[in-house]
1. Roughly how big is the B-C contact, given as buried accessible area in Å² (both sides, 1.4 Å probe, nearest 100)?
2. Over chain A, what is the mean sequence separation of C-alpha contacts under 8 Å (at least six apart), divided by residue count, expressed as relative contact order in percent?
3. At a 10 angstrom cut-off on C-beta neighbours, averaged per residue, how do the peptides A:187-199, A:229-241, C:345-357, B:101-113 rank from highest to lowest?
4. With all protein chains present, how much of the accessible area of chain A (probe radius 1.4 Å) comes from carbon and sulfur, to the nearest whole percent?
5. Shape of segment C:45-194 from its Cα gyration tensor (a ≥ b ≥ c, root eigenvalues): rounded if a/c is under 1.5, otherwise prolate when a/b > b/c, or oblate?
6. Per the Kirkwood formula on distinct C-alpha pairs, the Rh of segment B:107-162 is how many angstrom?
7. Short version: ³J(HN,Hα) in whole Hz for each residue of segment A:172-185, in order, from phi by Karplus 6.51 cos²θ - 1.76 cosθ + 1.60 (θ = phi - 60°), x for Gly and Pro, what are they?
8. Sort by residue number and name the cysteines in chain C that have no neighbouring cysteine Cβ under 4.7 Å.
Amino acid sequence: MVEELSEEEKLKRFVEERKKKMETERAKETAMSSREKDYVRELYRASEKFIDVEKGREIYQTMREIWGAEPLSGVDEKMYHRGGYKQSNRKREFVDAGKQVAIKRGLPSYSRAVGLPVGQRMLEPMPVGKWGITIEQDDSHHMNNTAIQQLNDDIKRTVIMNLDLAHRMLQVRVGREVTPETLNLYMETLQHTMGAGAVAQEHMNEVNPYLVKDAWAKIITGSDEIMDGLDPRFYIHIDELFHPDRAKALKEAIGDSLWVVFRVPTLAVRMADGEAAGRWAAMQNTMAFISAYQLSGEHVISDLAYAFKHARVIHMGDKLWTGRMRGRNEIGGIPDGFTADIIQSERDLPMIPYVEYIEQEGDKGASRIVSRLNEGVGGISAMLDNTLWLGFYMSGGIGFSNTVATSALSGGANEDILEEFSILGTKYLRGKRLPTKWDIMKVIINMMATYVIETYEKFPTLAELHWGGAHKTSIMGTVGAGMAGLLSGSSTMALWAGNYTIAYAMKEGWLRTGWAGQEIQDHVGMPYLCSFRPEEGNLTEMHGLNYPIHSYSAGHGNQRVAANYGAMLGRGSAWCMSPLVKVAFADPHLAFDFSRPRYCIGKAGIKEFMPDGERTAITPACDVLDRGLIKEIAKEFPT
Amino acid sequence: MAEKPKSEYVPNIYPGKDVVSERRKKLWDKSRPLLKYRSVAEDDITQILSHRAVRAAYVSVHPPLEEMIEPYDPIKHIVVPTPGTRAGDRIRFIQMSDSFHLPSIAPFGRQRLYFSRFRGMDTVVYSGREILEMRERDLEKVAKMLLETEIFNPGRSALKGITVHGHSLRLDEDGLMFDARRRYIYDRDTGEVVYIKDQMGNVLDVPVPIGPPFSEEDCKKLCLTYSWDTQPYKARTELFEVMSRATKMRVIAGFNPEMIDESM
Amino acid sequence: MKMKYEDKVSLYNDTSQCMTENVPIEALSPFCNPYMKDVLDLFKRTAFINLSKLQSCLKEGKGGWETVLGQDECKMPWYGRDLPIVEHAEEIADRIRDKVGKFGDGEDSVTVMADTIVVKIPKEVMEVSASRDPVYTWTMVALCQAIAEVFNINPNTDLDGCNMLKAVVFGRYPQSITFSPGAPVSGFLKPSNVVDGLGAEYSGITVNHIVAMVNKRTMDGLALASILEGAAQWEMGNAVGWYERYNLLGYAYEGFNANNLVLDLVKENREGTITDVVYSTIIRAVEDGVIKVKNKLASGYKIYTTNDFPLWNAYELAGTTAAAIVNCGAMRSGQAAATVLGYINDGFALETGGLADPDGGRMEGAGIGFAFYTHSIYGGAGPGAYTFDHVILRGSGFIQPPIVAGMCLDSGTQLFSPEMTSSAFFKLRDMFPLLQDPLKKVAEAAEQIKGEIKKG
């Protein structure tokens, strides 16, 4: 006969049995073999040691600064409890502004009442490079950041033309001589015409000089003799702007040719597009020529127009394919080699290969090179590729892509790690460049990739900073390409390494890369690398955002430009693709400083960067919310 | 094909029988000489054109034609080159501007005159100017005709190589066409228009008097354009008939060229 | 072959010798005339590989330039490779033949001429392809592979060399949508993806290139230009149906010296002016019964009429061409063609009491545009640098030949002369005897087939 237990007794017996079982199991656990105990002690000792080493790294300090918490800790005690959007000054400002706008216009505007409640996680401050400037994430949105805007504008509005043909035309067809005096007069006239000043025709519409104070032109030449004869205001002083070795190499490459770099007004390219820059420059250049050399509206003028618009002119970007059609001088058409030349962060450094430089200069040199690489690649190519082109031109208003670019701004993370690796290199490389052989390069790249990967794992705060797979992928690719470029001097080798780092090293380690399509070009990049087929292969300098496989997957602009720029530093040359583009962006008059791009962007983040092209000279003084006709009086039609 | 004597063919030149139409027919018919109103010295013309110093040698862009070795082309031996071409002169220009107000010649009027009277020339027609480019010595020769004859009213036509603005402005206090570069003035003592600058606006070493401006009466008599108070345009029935036919023909020809027949 | 039209012409050469009599105008159509077909075939499927250029660019690390002249703003000497490419021309050609030529049916598709390899993409390939792009794509890929094979360049032996070679051959493509100007691989015509509008492919050719190919012989220039532009007009649909006879007659008289009209007008007015040519044209048209006086207005002004505008148009085109030759011949300058093309039209209209002027008025519009843009700050170029399909010229399909004639007559006044822009094209005449004496060959081919064109 089975005993019938009450419910209570059943429960009691169950609990007792469980307790007994737990005690047995606990006893088993504590009865570890001594061998096992030793092992655990070893691990504990190792982890103790590891913690000290990690705490000594720069990255530790940087993370601490950003998060105000233990960088190695995997837990955010205050998750969900940070006050939502209110933890961010910027977002609070936006909420206020959104309210004001909604009231004024009678239509809702920005409102945190819709969508998800942001700020459940920490909205961390962003240090920019090592410049000592900290901004908020929102400050790096291109529409909030005047420096990022000027970066785009300063490139779009640049056109470079050669004068030799025009001079020959003058001499051969018109019988006029070209002398330093005539050149100076022409250049002075050009400063006037570049701002749409009239020279030959009466009753022309002209433009308020305040609106076009950023319009000018300067001569680029490699000839000291020509420069000596010119008014010093009218040319770019290569000797003063570049390290002597670099200046010499650039001047030799450019030779006696006379080029002019034109800066079309920012306002003009904003009203029209990049394509308008070439036309503005050609037209205004022709007018300056006509005036300075006393020409009429005669047949020879069309030779000038042709020379300046077509025959020997360098645009910053090419036209794009029909599917993403745009004219010249837009970001999508800029070859990656030009982007690397636009970067100016290396100007003052001696022109010797990276491996020799770090051998000479030691740790400091190693840090310096890496920080310049990050400055340029993070400040310029990441912005162009992710923030402006793919994240804006090609997709619109969503604020995701620009956060990926911002991850390249945060010098703390990238520089810190790469610097360590670079310093490691000083000990092992002994001044010898690596050959362009994968079997040798893979050793270093694997080492470096795993090093970076482990850092992300050890520093959960770093993983949170680069919160998307997209961010990490972008950084991994840049680090792989940059390092391989520095070590080999070959942009092809560097691109290979960058592709490999993402498609294999990162992927197999974490079983995770970036957003669903991000690694496309890393997989395809390998069979494409040396292919002769029309839409594949080619020097990394010749790639860009119109190259089909790069055109639709983000986060790789910095990888490709790191390949080019790193290779330039790696082999110790003065330019990547064009010495003229390199010199053109050394122009100190530019509002955007192409040698300290992250500094500019940081300054703009704290509202201390004044861009060009402002319309204050023609807009009424009024409240920030006003628009259209200021006076509220509804005026009747006169008839 | 044997050369056809031109005298059998009487060209139309222009429809209508009014004063303006007759004037157009005269100007555009090379068999009818233009009246000489004044003389302008060759050196003065050289000065005003501003292409070379007075009495300086002509600049060449290639050797004289007879010294050149060119690939065989029979055509090059048929058409007779002008003197300037033969010498290898560079190509230079004269640019004339004509007032909107009762001009003795107007831009397309110039072009049609050039087409009928000049050989080896390149002209482009604007509203404020008409540019004529020729080999330099040929240019100087025709410049003489352009400045000395009845088609040049010093008050209402001008040499403006650059900054041509003013054809449509009111006249100044002396009845002269506006010139932003002040190339010419009215000498009240002599009653003549005097060029003090060349066509590019450079001050002349020696000013060039170019004759008195036409009187208002002469302006009306010699005007090449129709005007409400001289020869009203709307009354030009023949011209309007021709223009109307021309435009219809173009439309039909553009639509289906085979559609045109004798009845149209 | 059916003869649709009654029109027959005799064709004369530039010394006024009759080459063939009474050919139906269909014999001057690209669908019938065997010479025209051969020329178009040559233009369509031929690529040139300039091995000297390839060798020097590879040595200097030059690739991906944008400039038409100079071509030196992009240089990467550190990737340069000094390879004796010209010396290995035959070997390279063999390998290209292997990859490309085998599709041909016994046709010799790859030939070496000094430092140039000429590749004719096999007819079979062109037939299967939807475009004429293999001229570029096949040639360029085969070339890269051939050089890599001959000089043992691969990712293992020379990583950077692979890509420098690609950069030299392809320029920035596909980052840029086309290749560098003056790249080592070129064709007669522009790559199709930079041709504006449908069907304009044959007219993507530069005026100066034509001038160079005919070695500046004026009436050969007219002929070759007419073959190409005429073919483009067909392809664009401009010669279909109602325009068929109009186009055939237009090119016959303008381009192929039908009935010696152009040359007669030139000779009559060898010391004359443009207006003289207008008068001569009208006189001749009246004599030939093309136009006649319909009535006179009160002033005595004659109104002319015609039952055959396509033929009168052809006469006007002949007159325009003759006037361009007379004016440019007198000045020996190519720039003088524009003024004729822009303004002679009014002369015809006013002389005939309003008959439609050349090409129904299209010539005047396109001509004035040409005059303006060859003299202004607003763009354009000297006449020799224009392509036939330039937006400024494409308003009329008859404006191109007289522009070529003008540049043939130029004695050296232009900066952008054929010698500067088209030096390689002068050599093509020697490479391709087909290009020699096009006027004569068109006539001979017409003579050859005229018997086959029967009244239908």
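The values are calculated or read from the model by the stated rules, or taken from the named source; none is laboratory data. This one's a predicted model, so the numbers in the text were calculated from it and none came from an experiment. Please note: Cβ atoms are built from the backbone with ideal geometry, for glycine as well, and neighbour counts cover all protein chains shown. For the accessible areas, the whole protein counts, side chains as well, though only heavy atoms, and no ligand, DNA or RNA atoms are used. Shrake-Rupley method; radii C 1.70, N 1.55, O 1.52, S 1.80 Å.
1. When B and C are taken together, about 6700 Å² of accessible area is lost.
2. 18
3. C:345-357, B:101-113, A:187-199, A:229-241
4. Result for chain A: 55 percent of the exposed heavy-atom area is carbon or sulfur.
5. Oblate.
6. 11.8
7. 7, 9, 10, x, 9, 8, 10, 10, x, 5, 5, 4, 5, 5
8. C:18, C:32, C:57, C:74, C:144, C:328, C:408
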